Amino acid sequence: MGKFKLDTTKLYHFLRIVAALLLALIFGGVILYIAGFNPLQAYKLIFKGAFGGGKAFLTTLIYATPLLFTGLSFIVARHANILNLGIEGQLYAGAMTSALLGAYVTVLPKVIHLPLVLAAGALAGGLYAALAAFLKVKYGANEVITTIMMNYMATLFCSYLVAYPLKNDQGLTQTERIAETAQLGRLVKDHSLSQAILFALVLIVVVNFVFKNSRFGYRARACGGNRLAAETAGINSGRITIQTMFLSGAISGLCGGLLVCGTYFRFITNFSSGFGFEGVAVATLAAFNPIALILSGILWGGIKSGASVVNRIASVPMDVISLIQALVVILVAAPRLMDKLLAPLKKFLVKGGRSV
Amino acid sequence: MMEFLNLLGLLLLSAIRTSTPLILAAAGGSVCARSGVMAMGMEGFMLVASFGAAWGAYTFQNAWLGLLVGILFGVFYSLLYAVLCVTFSMNQVICGIGMNMFALGFTTSMTQIVWGTRAYSDTVPTLDHIQLPLVGDISVMVPLAILLAVLLWGYLFKTPQGLHMRIVGENPLAARTIGINTKKFKYLGVLICGLLCSLAGSFLSIDHVNRFVMDMTAGRGYIAVSVNILGRFNPLGAIAGGLLFGVADSLQNVVTSSSIPGQLLSMVPYVVTLLVISFAVRYVSSPAGMGKSDD
């Protein structure tokens, strides 16, 4: 009986997230309606564009790939109770590093060049994140502010690099195309989906395992749960904070590197359409569970991919999607509000009326 | 030498203009923080108000009505923040980030709907300037920002009400024990912050320039949070902190891009924020109850 009760509580938690998503979609529908769309029609088109057929699904996976990385990056930091809002900046740091090494190092064979380029991207992202963690640990600088400032710094600095020192002959704000030896192959023939998605899936499984089973994962979670208690138990919470942020940033940096090596083959100004903050939304929707992230990442990828199809007709939907994402973040993170809205359901599923 | 003095004068004038929204927002944020609520949603309040002001000014072809609409939008948005954070005890940082993201998506969608392009609005009427001795032609918001900051300082530190608000921010439990309605003060704090952020946001779209531009606030809400800390959660400190960032922000208006690339100049305010929040504010203690839920 006790086990059964636990299950219904879990079911309720799941339904609460689904309800939050639905509410956000309804609100997005209202905006679409104001914009002169038929919301049901628009959502149907989005769904069809996202999951209607094999080719559409592969395109959805293209959109999902960066979100899986940035979502995982956010989850990793979140395990230690750090808000990494600097994913965007770490992504840029990784992408720029990979693009430079990919384009200007040309003497290496592929087996060395590609791993080197990707590792350098991950390292750059990791170090950029670790700097914010260091400032937090050493000087008490609020990581929310520092990481957001570092986003602006990274995007502006990269724009500067491609506009001045790396400016190419055609005057385009992008770096030179990376060498053949640094390019990542496609996953299937006749479709531009790169192998980066495999990296994402493997990384998600590995990170999940590490956080659940290793000493480091345990320590990080201990610091995230109760920093003071963890320190009393002899855990160096400052070091754990920096290490976790490095890992989180490395995942973002790797994402930037993979996008350069597998999708764009060069650094292009403003190539990220806000992947960083989208990662926050995807991770929140997955309730910070790495395995659930796969589903939520593909779902968002689908919504984005479908919206981009509709977007070719009229240009509202893409912005409405970001609005829906934000609403999901708010609603999922406000359990008490959702409890109030879902009061009858909660009463039915959660016996004893404990606050959960 | 003469040229240098001219440049310095230009820098100062520009700094006063660019610091105005920061002073307004940070002064409001001080009140919010003193009541125990972290002002993480300021970016969103400003952005929504900025859009509202441009939309109002465009619709009524009157800047003052635009300002009114901007204030309505911004204050309503801050009310939502208060409901989520105070009534539903939501994590204030997440709520703020979420609402800032929402504000960006919402204003961009609405700009597309109203003006047919997501990047910027049509030109709209702007607020009249006033003539002041010494400085000459200047926006009415500049003296207003200083005046409001001083008034809020007076309210927080020289009135019994302000004392109550600070008690709520330091220790809600103690405040409740002596019969203070903590929720009321928290709502008041957030709404005052919303009002000032609305003025700041409206200043951007119907005073500083004459249109709404996508992501017009560009992180000023977050910079205001750090100005807030730098100013020791004191509205008067917000004036000094705001001016510092105004100077950093104005460099790009004064230094021509032929000598230093524009992107690097644009980085300056963000770098200054990073340095200030890491090294200059080490010994500032926040209101003890800030960010915590009430019950």
Is there a residue being within 11 Å of chain A (Cβ to nearest Cβ) and farther than 30 Å from B:F60 by Cα anywhere in region B:210-222? yes
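Among the candidates B:I180, B:I206, single out the residue that is more than 18 Å from B:V225 (Cα to Cα), outside any helix (DSSP H, G or I), touching a helix residue (DSSP H, G or I) at 6+ places or on another chain (Cβ under 6 Å) and not polar (S, T, N, Q).
Numbers: B:I206 fails: outside any helix (DSSP H, G or I).
From the options B:I180, B:I206, the qualifying one is B:I180.
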Would you confirm whether any residue within region A:175-196 is out of contact with any Lys or Arg (no Cβ under 9 Å at 6 or more places or on another chain), at pLDDT 90 or above and more than 14 Å from chain B (Cβ to nearest Cβ)? yes
Filter region A:38-65 for residues that are polar (S, T, N, Q) and under 24 Å from A:A196 (Cβ atoms); which is surrounded by the most Cβ atoms within 10 Å (Cβ to Cβ)? A:T65
Flagged in region B:255-279 as modelled with pLDDT under 80 and touching a helix residue (DSSP H, G or I) at 6+ places or on another chain (Cβ under 9 Å), in numbering order, are B:V255, B:S257
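Counting just the residues of region A:113-169 that are aromatic (F, W, Y) and part of a helix (DSSP H, G or I), which one comes out farthest from the other protein chains (Cβ to nearest Cβ)? Reasoning before the result, please.
Restricting attention to region A:113-169, the residues satisfying the condition of being aromatic (F, W, Y) are A:128, A:134, A:139, A:152, A:157, A:160, A:164.
When the remaining residues are screened for being part of a helix (DSSP H, G or I), the result is A:128, A:134, A:139, A:152, A:157, A:160.
On the way: A:Y128: 12, A:F134: 9, A:Y139: 5, A:Y152: 4, A:F157: 6, A:Y160: 4 Å.
Per the criteria, the residue is A:Y128.
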Within region B:213-248, can you find the residues that are touching an Asp or Glu at 6+ places or on another chain (Cβ under 9 Å), outside any helix (DSSP H, G or I) and surrounded by 24 or more Cβ atoms within 10 Å (Cβ to Cβ)? B:T217
Residue in region B:63-81 that is nearest to the other protein chains (Cβ to nearest Cβ), counting only those that are within 14 Å of B:M40 (Cβ to Cβ) and crowded, with 22+ Cβ neighbours inside 10 Å: B:Y81
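Among A:G224, A:G217, which is at pLDDT 85 or above, assigned to a helix (DSSP H, G or I) and either among the small types (G, A, S) or in contact with a Phe, Trp or Tyr (Cβ under 7 Å, 6 or more places away or on another chain) (or both)? Can you show your working first?
Numbers: A:G224 fails: at pLDDT 85 or above.
Step by step, each of A:G224, A:G217 is checked, and only A:G217 is at pLDDT 85 or above, assigned to a helix (DSSP H, G or I) and either among the small types (G, A, S) or in contact with a Phe, Trp or Tyr (Cβ under 7 Å, 6 or more places away or on another chain) (or both).
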So, in region B:256-277, how many residues would count as being of a type in the set (F, W, Y) and over 18 Å from the mean Cα position of the chain (by Cα)? 0
When the residues of region A:308-334 are filtered to those that are out of contact with any Gly (no Cβ under 8 Å at 6 or more places or on another chain) and at pLDDT 85 or above, which remaining residue is nearest to the other protein chains (Cβ to nearest Cβ)? A:A334
I'd like the residue in region B:82-96 that is farther than 21 Å from A:E143 by Cβ, part of a helix (DSSP H, G or I) and not small (G, A, S) and, out of all such residues, is nearest to the other protein chains (Cβ to nearest Cβ). B:L84
Matching residues in region B:31-54 (at pLDDT below 95, assigned to a helix (DSSP H, G or I) and either among the hydroxyl-bearing types (S, T, Y) or more than 26 Å from B:S89 (Cβ to Cβ) (or both)) number 0
Return a yes/no flag: does region B:120-128 have any residue that is surrounded by 22 or more Cβ atoms within 10 Å (Cβ to Cβ) and more than 15 Å from B:A49 (Cα to Cα). no
Scanning region A:274-301 residue by residue, the ones that are free of Cβ contacts under 8 Å to residues at least 40 places away in the same chain and either within 14 Å of another protein chain (Cβ to nearest Cβ) or crowded, with 20+ Cβ neighbours inside 10 Å (or both) total 0
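The values are calculated or read from the model by the stated rules, or taken from the named source; none is laboratory data. Every value quoted in this text rests on a predicted model; they were computed, and no experiment measured them. Quick reminder, even Gly has a Cβ in these numbers, built from the backbone with ideal geometry, and neighbours come from all protein chains shown.
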